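The values are calculated or read from the model by the stated rules, or taken from the named source; none is laboratory data. A quick note: this is a predicted structure, and the numbers were derived from the prediction, not measured. Here the Cβ is made from the backbone with ideal geometry for all residues, glycine too, and neighbour counts use every protein chain on show. For accessibility, only protein heavy atoms count, side chains too; no ligands or nucleic acids. Shrake-Rupley method; radii C 1.70, N 1.55, O 1.52, S 1.80 Å.
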Amino acid sequence: MRKDELILYTDFRDGEILNDMAWLMEVYEAASERENARRVLYRNIHRLVELAGTYGFHGNLWHCYLTNLLVNNENSYSCGCEIRGEIQGTINDVALHDIAIFKELYDYDFAPMCEKLCVPEFSMAENYIGSQAESKVYNARICARICELAEKLNQNHTPEEMKATLTEFYKEYGVGKFGLHKSFRIVHDEKGVRIEPILNIAHVDLSDLVGYELPKKKLTDNTDAFVAGRRANNCLLFGDAGTGKSSCIKAIANQYYGRGLRIIEVYKHQFQDLNEVISQIKKRNYKFIIYMDDLSFEEFEIEYKYLKAVIEGGLEKKPENVLIYATSNRRHLIRESYGDKEEIRQDMHTGDTVQEKLSLVRRFGVTIYFGAPDKKQFQTIVQTLADRYGVDMPKEELLGEANKWELSHGGLSGRSAQQFIDYILGCAPKD
């Protein structure tokens with residue numbers, strides 16, 4: 001087996017199965033290796049079945065495994081093709097060389113090996129029927145697409161056909177963690193700063209947020225321009241608690257994923273890592289929104305200085321494929337005190353101090369206000385959610401109970417309306 005001749009597609013994160021299978025293909029006929037080879041083959045059946053449970057794979061698990069290696073391997077060819085499609089140059093010949101080797105792996109007939117080693121159970125891994133449990137790694141759409149891609153790659157007759165099929169996948173979905181996931185978080189440990197996928201993002205649509213049509217349009221207009229490659233601004237979504245600011249960010253992550261948008265969530269204590277994060281994403285073909293939820297600073301906190309430098313003002317220009325979106329309950333982000341405005345102050349240049357605090361919010365070109373609903377708007381939200389979830393209750397009773405609920409559960413907001421409907425649904429008897 002020519003696995004060691006691979007040039008681009010190397011350094012696989014989950015390459016143990018490939019290494020073991022390549023070794024088995026070379027030695028299984030040798031009598032001296034037979035017992036060890038048999039143990040290795042059973043171990044790999046176990047690994048493939050475990051992968052099926054983790055990733056949600058079905059069908060030929062060997063082919064699904066190989067396909068997962070191909071769609072996750074970030075190299076100069078796959079990264080060049082992500083979102084843009086086919087590229088030019090000698091790199092195509094190098095990629096074709098590697099894909100020809102993978103064609104041999106896809107076409108390999110395990111029947112002689114299984115017969116020689118007396119391991120008939122491998123056939124279960126070649127015709128695996130998955131459970132209904134969701135993938136722990138991919139959303140259902142991506143999991144299904146990888147399984148479909150595995151079947152299509154197996155049906156391709158030549159390495160050239162396989163390369164074209166794989167390149168189309170890179171164009172449509174991308175490659176690696178950024179291609180297969182919508183949202184990410186930052187991890188800083190002994191290995192350095194890493195961007196890791198968020199595996200379970202809420203399936204929220206903008207239509208789920210009742211009302212707020214103008215704020216939603218302002219947000220989507222800016223995001224549309226960004227993903228289309230036009231000039232766009234950093235966004236600050238501010239206003240009352242529970243009005244759907246964070247839900248809007250989750251919704252655009254879902255809505256624009258297919259157009260190459262990815263969201264990276266960052267917390268205040270991680271602002272010093274922002275330059276490293278940007279260096280890791282600035283040359284990728286995706287659009288990235290760095291998202292900061294519930295952003296605000298107390299007077300003694302200085303992390304906002306890192307943020308100011310990243311947004312605008314540092315020597316290095318912020319990449320065109322990166323924007324900052326933040327949500328906050330504060331319009332000016334940094335707490336101000338009456339001492340900032342007193343005529344007699346210990347700081348002789350208090351005006352400069354105030355301007356420094358205000359300069360952060362001014363770096364957001366688009367600010368969008370989300371205000372708490374009035375009584376009538378709250379009742380409209382409740383009624384809309386009740387209809388959406390099939391709550392069977394007379395209107396007057398429903399709104400009366402909703403009014404009682406909001407008085408003791410945070411007041412008038414979309415969040416309290418949703419919590420009330422969840423409460424009603426939870427109290428309903430099961431059929």
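Look at K136 and say whether it is part of a helix (DSSP H, G or I), at pLDDT below 95 and under 22 Å from E74 (Cα atoms). When the stated conditions are applied, K136 does not pass them.
Filter segment 1-21 for residues that are of a type in the set (A, V, I, L, M, F, W, C) and at pLDDT 95 or above; which is nearest to L51 (Cα to Cα)? I'd like the intermediate steps shown before the answer.
Here is the first cut: in segment 1-21, the ones of a type in the set (A, V, I, L, M, F, W, C) are 1, 6-8, 12, 17-18, 21.
The next check asks that each one be at pLDDT 95 or above; those that pass are 6-8, 17-18, 21.
Values: L6: 23, I7: 26, L8: 24, I17: 11, L18: 13, M21: 15 Å.
My answer is I17.
Meeting the requirement of 2 or more residues that are of a type in the set (D, E) and modelled with pLDDT under 90, the helices (runs of 4 or more DSSP H) wholly within segment 297-408 are 350-361, 395-408.
Within segment 104-129, can you find the residues that are open to solvent by less than 30 Å² (accessible area, probe 1.4 Å) and either of a type in the set (A, V, I, L, M, F, W, C) or under 13 Å from G53 (Cα atoms) (or both)?
We begin by selecting, within segment 104-129, every residue open to solvent by less than 30 Å² (accessible area, probe 1.4 Å); these are 105-106, 110, 113-114, 117, 119, 122, 125.
Of everything in segment 104-129, those that are open to solvent by less than 30 Å² (accessible area, probe 1.4 Å) and either of a type in the set (A, V, I, L, M, F, W, C) or under 13 Å from G53 (Cα atoms) (or both) turn out to be L105, F110, M113, C114, L117, V119, F122, A125.
Would you pick out the residues in segment 409-427 that are outside any loop (DSSP other than H, G, I, E, B) and under 19 Å from A372 (Cβ atoms)? Passing the criteria: G414, R415, S416, A417, Q418, Q419, F420, I421. Out of the residues in segment 6-36 that are under 39 Å from the mean Cα position of the chain (by Cα), open to solvent by 90 Å² or more (accessible area, probe 1.4 Å) and charged (D, E, K, R), which is farthest from T90 (Cα to Cα)? Selected residue: E16.
When residues in segment 2-26 are screened for being assigned to a loop (DSSP other than H, G, I, E, B) and touching a helix residue (DSSP H, G or I) at 6+ places or on another chain (Cβ under 6 Å), 6 of them pass.
Take Q270 and tell me if it is within 30 Å of C147 (Cβ to Cβ) and either among the polar types (S, T, N, Q) or part of a strand (DSSP E or B) (or both). Please lay out each step first, then the result.
On the way: within 30 Å of C147 (Cβ to Cβ): no; either among the polar types (S, T, N, Q) or part of a strand (DSSP E or B) (or both): yes.
When the stated conditions are applied, Q270 does not pass them.
Does I83 meet the test of being modelled with pLDDT of 95 or more, assigned to a loop (DSSP other than H, G, I, E, B) and open to solvent by 30 Å² or more (accessible area, probe 1.4 Å)?
Working: modelled with pLDDT of 95 or more: no; assigned to a loop (DSSP other than H, G, I, E, B): yes; open to solvent by 30 Å² or more (accessible area, probe 1.4 Å): yes.
No, not satisfied.
Residue pairs whose Cβ atoms lie under 6 Å apart, separated by 6 or more positions or on different chains, with the first residue in segment 27-44 and under 12 Å from M113 (Cβ atoms) and assigned to a helix (DSSP H, G or I) and the second open to solvent by 40 Å² or more (accessible area, probe 1.4 Å) and not aliphatic (A, V, I, L, M), are V27/E33.
Per the conditions (1) open to solvent by less than 60 Å² (accessible area, probe 1.4 Å); (2) outside any helix (DSSP H, G or I), the sole criterion not satisfied by A100 is (2). In this structure, I195 does not qualify as without any contact (Cβ under 8 Å) to a residue 60 or more places away in the chain, more than 24 Å from Q379 (Cα to Cα) and of a type in the set (V, I, T).
Candidates in segment 46-58 are the residues that are surrounded by 18 or more Cβ atoms within 10 Å (Cβ to Cβ) and either farther than 30 Å from S76 by Cα or at pLDDT below 95 (or both); of these, the one that is nearest to the chain's Cα centre (by Cα) is Y55.
For first residues located in segment 279-293 and free of Cβ contacts under 8 Å to residues at least 40 places away in the same chain, partners that are buried (at least 18 other Cβ atoms within 10 Å of the Cβ) and not in a strand (DSSP E or B) and lie 6+ apart or on another chain with Cβ distances below 7 Å form the pairs F288/I281; F288/N321; I290/V266; M292/V266.
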